[in-house]
Each structure stands twice: as C-alpha cells, then as structure tokens.
1. Given (1) over 13 Å from the mean Cα position of the chain (by Cα); (2) outside any helix (DSSP H, G or I); (3) not assigned by TED's automatic domain parsing to the domain that holds Gln55, where does Gly125 come up short, assuming only one miss?
2. How many residues does region 114-144 contain that are over 12 Å from Ala156 (Cα atoms), of a type outside the set (A, V, I, L, M) and in contact with a Lys or Arg (Cβ under 7 Å, 6 or more places away or on another chain)?
3. Considering only region 76-95, state which residues are buried (at least 20 other Cβ atoms within 10 Å of the Cβ), over 9 Å from the mean Cα position of the chain (by Cα) and of a type in the set (A, V, I, L, M).
4. For Arg27, are the conditions met, namely being buried (at least 18 other Cβ atoms within 10 Å of the Cβ) and over 17 Å from the mean Cα position of the chain (by Cα)?
5. Could you check, for region 104-113, whether at least one of its residues is out of contact with any Lys or Arg (no Cβ under 7 Å at 6 or more places or on another chain) and under 16 Å from Ala11 (Cα atoms)?
6. Exactly one of (1) more than 26 Å from Ala15 (Cα to Cα); (2) at pLDDT 95 or above is unmet by Arg166. Its number?
7. Residues in region 109-120: is at least one surrounded by 14 or more Cβ atoms within 10 Å (Cβ to Cβ), at pLDDT 95 or above and in a loop (DSSP other than H, G, I, E, B)?
8. Taking the criterion of being out of contact with any Pro (no Cβ under 7 Å at 6 or more places or on another chain) and closer than 17 Å to Ala94 by Cα, would at least one residue in region 136-150 satisfy it?
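The values are calculated or read from the model by the stated rules, or taken from the named source; none is laboratory data. What you see is a predicted model, and the numbers here were worked out from it, not measured in a lab. FYI the Cβ positions are ideal-geometry reconstructions off the backbone, even for glycines, and counts take in every protein chain you see.
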Amino acid sequence: MSELAEAAAQADALAAEGREQELADLRRAWDDEVEGDARSSDYRQRAVAYRAVGQFRYRQKMELLRRGLEDESPACRGSALVSLELLSRDAPGAINAARPLLHRLVSADDNQAVRRLAVVCLKNGSPARDTVVLLRGLADDDEADRDVRDVAAKVAASLKKKADTR
C-alpha cells in the first residue's frame, strides 16, 4: 500500500471518529501529494489520489474529482465516483453540480462497475425528474447489465419517494 493510501485510510478513520483538528492537520500535510498523484502518468497513482479526496474529506477539491470522472482509466473514474458519493452523503450539492457528467457515465460508460457507481452517486442528489427518467429507462433496458439495472431501479424508486415527500 502506498504512503498516500495509508495516510488516506488514517484520514478516513479520523473523520469517522470526529477528530476534525487531526484530520485538518493531516489534510494540510498531504495536500500537495494528492494533487501531484492525481496528475501522475500511472493510472494506479491517480486512482489512489482520487480515492484519497473522499477519504480526506477534501470538499474544496471538486474540480479535481471532476477530472477523475473524465479520466481514461476506469479505475480512476471509479475512485473518483467513490469519493464523490462519500462527499455527497450530507448534502446534494456535489451531485447536482456533476449531474450532467454522471448522466453521461450512467448512459454511456463502457465499464459496468463505473456505470453502477455513477448510479449509486445519483441517489445522494436532488430528485431531478430527468435523473429519475434516465434511471427508470436503464432499469427497463433488457440489454443493460443486470446489476446496473437493479441498482438503477432502486435509486429511481428512492429518488421518486424523496420527490413525493417534498
């Protein structure tokens, strides 16, 4: 495991324990490394960096995550999606801002795991009608991957329920 991955795991544990000051100190110490690794030519380093954004709770690095969502490597896109999902659990803003990109990943990504992760991210966003329609269409698509269809159906139902209670 790389040093950044170890530090990110430590940051995730600190965040879970609510130790904000220690997390802030660790975040400052690793900020340049996360940025540098996200620019690496090695997709494995980029993937670790994109995953670290969420583990460190770097809310100010949404543009970096957006780059990760557009990365050529499915591993990097997946890591960026995991971070985006984590950072959006408390508020839908990050998902709402990335919605068009998430819709594109859900609809057209060649990697089924990436598509499924993008669907999972959408559950944390506002219940936008276009998202519900997209997810229902995917859930009804017999040619789509079974796991992706199942998750899409669950997330569409969850968003519809959220919309109905507003």
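1. Status for Gly125: all satisfied but (1).
2. Result for region 114-144: 1.
3. Ala94
4. On the way: buried (at least 18 other Cβ atoms within 10 Å of the Cβ): yes; over 17 Å from the mean Cα position of the chain (by Cα): yes.
For Arg27, the condition - buried (at least 18 other Cβ atoms within 10 Å of the Cβ) and over 17 Å from the mean Cα position of the chain (by Cα) - is met.
5. There is no residue in region 104-113 that is out of contact with any Lys or Arg (no Cβ under 7 Å at 6 or more places or on another chain) and under 16 Å from Ala11 (Cα atoms).
6. The one condition Arg166 does not meet is (2).
7. Yes, region 109-120 contains a residue that is surrounded by 14 or more Cβ atoms within 10 Å (Cβ to Cβ), at pLDDT 95 or above and in a loop (DSSP other than H, G, I, E, B).
8. No.
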